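*Asks:* Take this structure, written in structure tokens, and hold onto it; I'll ask about it next.
The values are calculated or read from the model by the stated rules, or taken from the named source; none is laboratory data. Predicted, not measured: the structure shown is a model, and the values here were computed from it. Every residue, glycine among them, receives a Cβ derived from its backbone with ideal geometry; neighbour counts consider all protein chains shown. For accessibility, only protein heavy atoms count, side chains too; no ligands or nucleic acids. Shrake-Rupley method; radii C 1.70, N 1.55, O 1.52, S 1.80 Å.
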Amino acid sequence: MTEHVANNTTTHTGSSAAQAAPLVHAVNVMKSFHGNEVLKGIDLDVRRGQVVCLLGPSGSGKTTFLRCINQLESIDGGRIWVDGDLVGFREKEGHLHHLTDKEVAAQRRDIGMVFQRFNLFPHMTALENVCEAPIQVKGTNKKAARARAVQLLEQVGLGDKPSAYPAQLSGGQQQRVAIARALAMDPKLMLFDEPTSALDPELVGEVLRVMRDLADQGMTMIVVTHEMGFARDVADHVVFMDGGVVVEQGKPRDVLGNPQHQRTKSFLQRMR
Ligand code: ADP
């Protein structure tokens, strides 16, 4: 299937241009499910090292947008670039051609994703969960993958749990293994889809702490969350979505502290 390239499509060529360009550049992204328009033209730029929080009521399209960036959903309109690469398509002779499954897998390899449900392999230990993708997908040798996994488990505060199976870990610990697992692929971008919303309240803090450390280390992150404290303290930029559109975006102190739109105000009041 091909699609004609719009005239205003930005081109990203040359390494210095690629460095200066946003890591994520999304333009007019649209997505429908069975005629239900869920994303109605989302624009977003995320610079390298930035933490962007996507906020908004349930059903506003936040998760869908995140999944579009990682090609877990295909988009119906608009364009997304990650690190200068057009997501899901190749441009040739003025037309867009869908990438092959192999090319899609290669693009996805550089993006780590952490889900609400941790989805660890239940029959593997924490260490094996973290090693699996580097060994199977990247072909990293086992010794090097294990050494890196040990390091990553230490980074997420689970240096003492390499041999534990998921069922022996709390939800917060499992989620931290899931973060280590995503990091094991050395992603250039981390996507978090409500990473703490399935956790008991007392376990939320330990996961947010790991995410904060990651942000401090300069990881580029897009985080769908209802944790307003995290958004206020850690995000460089917050995006408030409602009904499939970006209603308002900016610095957390502006959007959260002095919202301009009634829909943002009502949402923030409900979150208190
Ligand atoms: P949010 O993350 O803001 O809660 P979502 O992106 O999960 O919102 O969902 C936005 C809308 O898209 C909802 O109405 C949801 O039911 C719908 N939706 C999401 N995924 C699918 C799907 N795979 N099939 C059909 N509808 C979907």
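*Asks:* Of everything in region 116-158, what is touching a residue at least 24 places away in the same chain (Cβ under 8 Å) and within 21 Å of D216 (Cα to Cα)? Give them in sequence order.
*Replies:* Residues satisfying the conditions are R148, A149, L152, L153, Q155, V156, G157, L158.
*Asks:* Right, something else. If W81 meets every condition in (1) away from the ligand (no atom under 15 Å from the Cβ); (2) touching a residue at least 40 places away in the same chain (Cβ under 8 Å); (3) open to solvent by 30 Å² or more (accessible area, probe 1.4 Å) apart from one, which number is that one?
*Replies:* Of the numbered conditions (1) away from the ligand (no atom under 15 Å from the Cβ); (2) touching a residue at least 40 places away in the same chain (Cβ under 8 Å); (3) open to solvent by 30 Å² or more (accessible area, probe 1.4 Å), the odd one out for W81 is (3).
*Asks:* At least 1 residues that are among the basic types (K, R) in each: list the strands (runs of 3 or more DSSP E) lying fully within region 50-139 that qualify.
*Replies:* 77-82, 89-92
*Asks:* For the condition among the hydrophobic types (A, V, I, L, M, F, W, C) and open to solvent by 60 Å² or more (accessible area, probe 1.4 Å), what is the one hit in F121, F89?
*Replies:* One residue alone meets the criteria, F121.
*Asks:* Additional query: Spot the failing condition for V104; the list is (1) open to solvent by 20 Å² or more (accessible area, probe 1.4 Å); (2) closer than 21 Å to G244 by Cβ, and only one is missed.
*Replies:* Against the list (1) open to solvent by 20 Å² or more (accessible area, probe 1.4 Å); (2) closer than 21 Å to G244 by Cβ, V104 comes up short only on (2).
*Asks:* Restricting to region 22-37, and then to whatever is among the aliphatic types (A, V, I, L, M) and open to solvent by 20 Å² or more (accessible area, probe 1.4 Å), can you tell me which residue is farthest from the ligand (Cβ to nearest atom)?
*Replies:* That would be V27.
*Asks:* Working only within region 215-228, note down all residues that are in contact (Cβ under 8 Å) with a residue 12 or more places away in the chain, away from the ligand (no atom under 15 Å from the Cβ) and farther than 18 Å from V24 by Cα.
*Replies:* Start the filter on region 215-228 by keeping residues that are in contact (Cβ under 8 Å) with a residue 12 or more places away in the chain, which leaves 215, 218-228.
Going one step further and asking which of them are away from the ligand (no atom under 15 Å from the Cβ), we end up with 215, 218-221, 228.
Result: M228, single match.
*Asks:* Somewhere in region 46-57, is a residue open to solvent by 50 Å² or more (accessible area, probe 1.4 Å) and away from the ligand (no atom under 12 Å from the Cβ)?
*Replies:* Looking for residues that are open to solvent by 50 Å² or more (accessible area, probe 1.4 Å) and away from the ligand (no atom under 12 Å from the Cβ), one finds at least one in region 46-57, hence yes.
*Asks:* From D236, D254, D242, grab the single residue that is open to solvent by 10 Å² or more (accessible area, probe 1.4 Å) and within 15 Å of V51 (Cβ to Cβ).
*Replies:* None of the other options fit; the residue is D236.
*Asks:* Residues in region 140-176 that are part of a loop (DSSP other than H, G, I, E, B) and either aromatic (F, W, Y) or open to solvent by less than 20 Å² (accessible area, probe 1.4 Å) (or both): how many?
*Replies:* Of the residues in region 140-176, 5 are part of a loop (DSSP other than H, G, I, E, B) and either aromatic (F, W, Y) or open to solvent by less than 20 Å² (accessible area, probe 1.4 Å) (or both).
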